[in-house]
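Chemist: After the structure tokens below, expect a handful of questions from me.
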Amino acid sequence: MEKYLKVQDVAEALQVSERTAYGYMGQMVHLSRPIRVSEVAFREWLRRRTVDPDEVKKAKVVKWSRKAPRPEDYRIPRRRAM
């Protein structure tokens with residue numbers, strides 16, 4: 001039988017308030033009354049939200065620059081009042 005975590009358990013594990021833990025638990029697969037999440041669902045949610053810093057550095061960041069050339073059809077022609 002798998003163990004189910006209470007709001008206090010999740011808040012303590014993530015070091016957040018109970019209100020924040022309620023919000024996080026709503027994003028996981030959970031039982032509704034009283035709200036509980038299985039350890040498996042908690043670990044899976046945590047794994048999806050974990051970021052590897054080396055992978056972030058490898059990702060190419062493209063920033064928009066004001067000096068970058070724009071396509072010719074970028075401007076919308078102005079309409080004159082009739």
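Every read-out reported here was derived from the displayed coordinates using simple, explicitly stated rules and does not represent laboratory data. What you see is a predicted model, and the numbers here were worked out from it, not measured in a lab. Note: ideal-geometry Cβ built from the backbone for every residue, glycine included; neighbour counts use all protein chains shown.
Chemist: Show the residue pairs meeting these rules: Cβ distance below 6 Å; 6+ apart or different chains; first residue within the stretch 30-46 and free of Cβ contacts under 8 Å to residues at least 12 places away in the same chain; second residue surrounded by 17 or more Cβ atoms within 10 Å (Cβ to Cβ).
Modeler: His30/Val37
Chemist: So in the stretch 29-52, with the set limited to residues that are part of a loop (DSSP other than H, G, I, E, B) and hydroxyl-bearing (Ser, Thr, Tyr), which one is farthest from Arg19 (Cα to Cα)?
Modeler: Out of the qualifying residues, it is Thr50.
Chemist: May I pose another question? Give me a count of the residues in the stretch 2-22 that are assigned to a helix (DSSP H, G or I), surrounded by fewer than 16 Cβ atoms within 10 Å (Cβ to Cβ) and among the aliphatic types (A, V, I, L, M).
Modeler: Of the residues in the stretch 2-22, 2 are assigned to a helix (DSSP H, G or I), surrounded by fewer than 16 Cβ atoms within 10 Å (Cβ to Cβ) and among the aliphatic types (A, V, I, L, M).
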